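Peer 1: Pasting a structure here, questions to come.
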Amino acid sequence: MVTVTFLPSGKRVEVDRDTDILTAAQEIGEGIRSLCGGKGGCGKCKVIVKKGKVRKNEETHEKFIKGDEEKEGYVLACQSYLLSDAEIFIPPESRLEKQQILTEFLVSEKELSPIVRKEFYPDSFLPEIISEKGYRLLCGPEVEDGDLTVVVRDNEIIAVEEGDTRDEFFGLAIDIGTTTIVVALIDLNTGKAVSISSDYNGQIIYGEEVLSRVEFARSRKDGIEILQKAVVKSINKLIEKALGDYSSPRKIYDVVVAGNTLMTHFFVGKDVEYLFASSTVKVEKKGFEVEAKDLGLNVNPMAKVYCLPPVGRYVGGDIVGDILASRIVDSDTISLMVDLGTNGEIVLGSEGWAVSTSVASGPAFEGYEIKHGSRAVEGAIDHVEITKPEAEPIYTVVGNVKPRSICGSGLIDLLAELFKNGIVDFQASLDPKNPRVRKSNGELEYLIVDGSKTATGKDIVLTQTDIDTLVESKAAVCAGIAVLIKKAGLSIEDIEEFFIAGAFGYYINTQNAMTIGLFPELPNAKVFQIGNGSLAGAYLALTSKRKRMLAETMAKIMTYFDLSPMQTSWMSTLLPVHYPGKQICFQRFMRDTFNVL
């Protein structure tokens, strides 16, 4: 055994010799960034060995650890194995810092008819109430006579409380994201959100993106159990925070959860292996309903947890929530909806019909394979403006601190500003003549912020490789949109409303997103940034039985196109829409089958 001390937190753990540093950190909940889940593919888990000996995987270190970092003792946590007691320093850029979490949600209508209700019976006898109403008693009652309040779900009594407790009547709407969790405490008497709390999803230490967690779950016998307990622990902390002094957890009688297909499976402890058994696997389009006590949730033990239904492997209950919030399928307008996150989920529909798909858009916009990229954490540049080609960029930073990275909304702004100022041409190549463009390690890079002004003391740059990665990611979203429009026999002129959902989509500049070709230009569409549509959908299903039924219906009628097994030859049949000079083309995407969209 060896003892590892992590700095600056001071956390200490004893592990087997030859354990990798990342696994040791996970043992005690020490947060180290790991987009790839410990496969050595992202280079984000850089740490400094202050004391002790480690064995390194030289091949992966040659790719990610170069120059000054090598001299300073940097190693990749997931590819470095402990040979002795050690002190490991986690530098700022590798820490899981506080993230900008979107808790705002909008609903266009309220229907207050929750699936549970409270009934007050003064000076009564419980057996008489049960006999008269035809109720079935599911719980052990606190009292049986006197002033009684009963909590009823359908015709079942799930709680009996002494006195008139109708004022304490709560439910939870929960958005389980890959990165973050948001919990809204809802007063079921009024429909008001009493409080909202948010934090990281505790699963993040096992991999920042969802497929790395799938690999974790598949590689360990107890993988699903570990992930399930991690997310429930996170939710319970948020429940305690949201409740505050309002009430007791026992006064929470119903819970609705929205999350992508895999997150929902992890939450209820359901194995995900069948989802990857073949490329044609069909997901049951039905919401999970489980007992809260079986999950370990700190709410009334007789409460049930309802998870919004999935549509496919990569279009889950969170997107059904978005659709509930945007009312796409119960409106006669033709609407397009995009939820930007680790994946980009896309829905096209109108009254009574919808088609959907998912594309891998988020990894680049969340920092994957971007040299100084990150999520929207404190210290991340989130907006950029360039006034003239040779000028130093003007930027804002999450948390109003010194910058240490650049997040997705900042990357979109930066690429658009570089293009508008001629620093990047229509083929997304940097201009070597620009004074802020230089060559480093054999490739061109653009200097965003000089090291003297950053939190890390190092320059923040955007490399040509970064730009190529961003072009591929944004092209994937645009191509997914094109697939659905073509499949529906429509054109971009037919789109009347364009909904952008999710935290990432809420903070981006939509005009800059169209400039770089993340979205096509939609000449006749009104644009709406609806915020946390997943949470809004969970809220609607919590407060309205009709909305919950509508969610089930929508999932069943929606067609899902799984693009993952599609061949390039099929994609080449798509007809490109040209906007010469207005957007950056992506000739390198899909073997030049798409040009400009």
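The values are calculated or read from the model by the stated rules, or taken from the named source; none is laboratory data. From a predicted model like this one, the values you see are computed outputs, not experimental measurements. We place every Cβ from the backbone using ideal geometry, glycine too, and count neighbours over all the protein chains shown.
Peer 1: Could you tell me whether VAL231 is under 14 Å from the mean Cα position of the chain (by Cα) and outside the structural domain of GLU345 (by TED's automatic domain parsing)?
Peer 2: Values: under 14 Å from the mean Cα position of the chain (by Cα): yes; outside the structural domain of GLU345 (by TED's automatic domain parsing): yes.
Here the answer is yes, as VAL231 does meet what is asked.
Peer 1: May I ask you to say which residue of LYS439, LYS433, LYS420, LYS453 is outside the structural domain of GLY341 (by TED's automatic domain parsing), more than 27 Å from LYS66 (Cα to Cα), basic (Lys, Arg) and more than 25 Å from the chain's Cα centre (by Cα)?
Peer 2: On the way: LYS439 fails: more than 27 Å from LYS66 (Cα to Cα); LYS433 fails: more than 27 Å from LYS66 (Cα to Cα); LYS453 fails: more than 27 Å from LYS66 (Cα to Cα).
Unique residue meeting the criteria: LYS420.
Peer 1: Now for a different question. Looking at (1) surrounded by 15 or more Cβ atoms within 10 Å (Cβ to Cβ); (2) at pLDDT 85 or above; (3) within 17 Å of HIS372 (Cα to Cα), can you tell me which one VAL54 breaks?
Peer 2: That leaves (3) as the condition not met.
Peer 1: Determine which member of the set ASP254, ASP199, ASP245, ASP175 is out of contact with any helix residue (DSSP H, G or I) (no Cβ under 9 Å at 6 or more places or on another chain) and of a type in the set (Asp, Glu).
Peer 2: Numbers: ASP254 fails: out of contact with any helix residue (DSSP H, G or I) (no Cβ under 9 Å at 6 or more places or on another chain); ASP199 fails: out of contact with any helix residue (DSSP H, G or I) (no Cβ under 9 Å at 6 or more places or on another chain); ASP175 fails: out of contact with any helix residue (DSSP H, G or I) (no Cβ under 9 Å at 6 or more places or on another chain).
Result: ASP245 is the single residue among ASP254, ASP199, ASP245, ASP175 that is out of contact with any helix residue (DSSP H, G or I) (no Cβ under 9 Å at 6 or more places or on another chain) and of a type in the set (Asp, Glu).
Peer 1: Identify all residues within the stretch 414-434 that are surrounded by fewer than 19 Cβ atoms within 10 Å (Cβ to Cβ) and more than 22 Å from THR396 (Cβ to Cβ); write none if there are none. Quick ask: steps written out before the conclusion?
Peer 2: If we filter the stretch 414-434 for residues that are surrounded by fewer than 19 Cβ atoms within 10 Å (Cβ to Cβ), which is where we start, we get 420-422, 425-427, 429, 431-434.
Correct list: GLY422, ASP425, PHE426, GLN427, SER429, ASP431, PRO432, LYS433, ASN434.
Peer 1: Based on this model, can you work out whether VAL437 counts as of a type in the set (A, V, I, L, M), surrounded by fewer than 24 Cβ atoms within 10 Å (Cβ to Cβ), within 20 Å of LEU96 (Cβ to Cβ) and free of Cβ contacts under 8 Å to residues at least 60 places away in the same chain?
Peer 2: Values: of a type in the set (A, V, I, L, M): yes; surrounded by fewer than 24 Cβ atoms within 10 Å (Cβ to Cβ): yes; within 20 Å of LEU96 (Cβ to Cβ): no; free of Cβ contacts under 8 Å to residues at least 60 places away in the same chain: yes.
Taking the combined requirement at face value, the residue does not satisfy it.
Peer 1: Of all the helices (runs of 4 or more DSSP H) wholly in the stretch 1-82, which have at least 2 residues that are more than 31 Å from the chain's Cα centre (by Cα)? Break it down into steps so the answer makes sense when it comes.
Peer 2: On the way: elements: 21-27, 58-64, 68-71.
In the stretch 1-82, the matching helices (runs of 4 or more DSSP H) lie at 58-64, 68-71.
Peer 1: Follow-up. For the subset of the stretch 117-140 comprising residues that are within 45 Å of the chain's Cα centre (by Cα) and part of a strand (DSSP E or B), which member is farthest from ALA303 (Cα to Cα)?
Peer 2: Ranking the candidates gives TYR121 first.
Peer 1: Of the conditions (1) in contact (Cβ under 8 Å) with a residue 24 or more places away in the chain; (2) loosely packed, with under 15 Cβ neighbours inside 10 Å; (3) in a loop (DSSP other than H, G, I, E, B); (4) more than 28 Å from the chain's Cα centre (by Cα), VAL143 fails just one. Which one is it?
Peer 2: Here VAL143 meets the rest and fails (1).
Peer 1: Can you name the residue in the stretch 391-411 that is touching an Asp or Glu at 6+ places or on another chain (Cβ under 9 Å) and of a type in the set (Gly, Ala, Ser) and is also modelled with the lowest pLDDT among such residues?
Peer 2: Across the stretch 391-411, the extreme among qualifying residues is GLY399.
Peer 1: Looking at this structure, is GLU493 surrounded by fewer than 19 Cβ atoms within 10 Å (Cβ to Cβ) and part of a loop (DSSP other than H, G, I, E, B)? Let's see the steps before the verdict.
Peer 2: Numbers: surrounded by fewer than 19 Cβ atoms within 10 Å (Cβ to Cβ): yes; part of a loop (DSSP other than H, G, I, E, B): no.
Criteria not met by GLU493.
Peer 1: Could you tell me which residue of the stretch 526-553 is modelled with the lowest pLDDT, considering only residues that are among the hydrophobic types (A, V, I, L, M, F, W, C) and either more than 22 Å from the chain's Cα centre (by Cα) or outside any helix (DSSP H, G or I) (or both)? Write out each step before concluding.
Peer 2: From the stretch 526-553, those among the hydrophobic types (A, V, I, L, M, F, W, C) are 527-528, 530, 535-536, 538, 540-542, 549-551; that's our starting set.
Narrowing further to those that are either more than 22 Å from the chain's Cα centre (by Cα) or outside any helix (DSSP H, G or I) (or both): 527-528, 530, 549-550.
Working: VAL527: 94, PHE528: 92, ILE530: 88, MET549: 95, LEU550: 94.
Once the filter is applied, the top-ranked residue is ILE530.
Peer 1: Scanning the stretch 109-140 for residues that are of a type in the set (A, V, I, L, M, F, W, C) and touching a residue at least 40 places away in the same chain (Cβ under 8 Å), which turns out surrounded by the fewest Cβ atoms within 10 Å (Cβ to Cβ)? Break it down into steps so the answer makes sense when it comes.
Peer 2: Within the stretch 109-140, the subset of a type in the set (A, V, I, L, M, F, W, C) is 112, 115-116, 120, 125-126, 129-130, 137-139.
Checking which are touching a residue at least 40 places away in the same chain (Cβ under 8 Å) leaves us with 112, 115-116, 120, 138-139.
Values: LEU112: 10, ILE115: 20, VAL116: 21, PHE120: 14, LEU138: 12, CYS139: 15.
So, considering only residues that are of a type in the set (A, V, I, L, M, F, W, C) and touching a residue at least 40 places away in the same chain (Cβ under 8 Å), the one surrounded by the fewest Cβ atoms within 10 Å (Cβ to Cβ) is LEU112.
Peer 1: So which of TYR314, TYR253, TYR306 is of a type in the set (Ser, Thr, Tyr) and modelled with pLDDT under 95? Steps first, please.
Peer 2: Details: TYR253 fails: modelled with pLDDT under 95; TYR306 fails: modelled with pLDDT under 95.
Criteria check complete, one pass: TYR314.
Peer 1: Can I ask one more? If you scan the stretch 321-348, which residues turn out to be at negative phi and among the charged types (D, E, K, R)? Write out each step before concluding.
Peer 2: Taking the stretch 321-348 first, the residues at negative phi are 321-326, 328-348.
Listed by number, the residues that qualify are ASP322, ASP330, ASP332, ASP339, GLU345.
Peer 1: Would you confirm whether or not the stretch 514-521 contains a residue that is over 20 Å from the mean Cα position of the chain (by Cα), over 24 Å from GLY177 (Cα atoms), among the hydroxyl-bearing types (Ser, Thr, Tyr) and not in a helix (DSSP H, G or I)? Outline the logic, then answer.
Peer 2: We begin by selecting, within the stretch 514-521, every residue over 20 Å from the mean Cα position of the chain (by Cα); these are 514-517, 520-521.
If we keep only those that are over 24 Å from GLY177 (Cα atoms) too, we end up with 514-517, 520-521.
Then drop every residue that is not among the hydroxyl-bearing types (Ser, Thr, Tyr), which leaves 515.
Restricting the remaining residues to those that are not in a helix (DSSP H, G or I) gives none.
No, the stretch 514-521 contains no residue that is over 20 Å from the mean Cα position of the chain (by Cα), over 24 Å from GLY177 (Cα atoms), among the hydroxyl-bearing types (Ser, Thr, Tyr) and not in a helix (DSSP H, G or I).
Peer 1: Continuing with the same structure: Determine if the stretch 497-520 includes at least one residue that is closer than 23 Å to VAL256 by Cβ, surrounded by fewer than 22 Cβ atoms within 10 Å (Cβ to Cβ) and hydroxyl-bearing (Ser, Thr, Tyr).
Peer 2: Yes: the stretch 497-520 contains one or more residues that are closer than 23 Å to VAL256 by Cβ, surrounded by fewer than 22 Cβ atoms within 10 Å (Cβ to Cβ) and hydroxyl-bearing (Ser, Thr, Tyr).
Peer 1: Name the strands (runs of 3 or more DSSP E) wholly within the stretch 324-402 that hold at least 3 residues that are buried (at least 18 other Cβ atoms within 10 Å of the Cβ) and not assigned by TED's automatic domain parsing to the domain that holds GLU209?
Peer 2: It comes to 335-340, 344-350, 353-359, 380-385.
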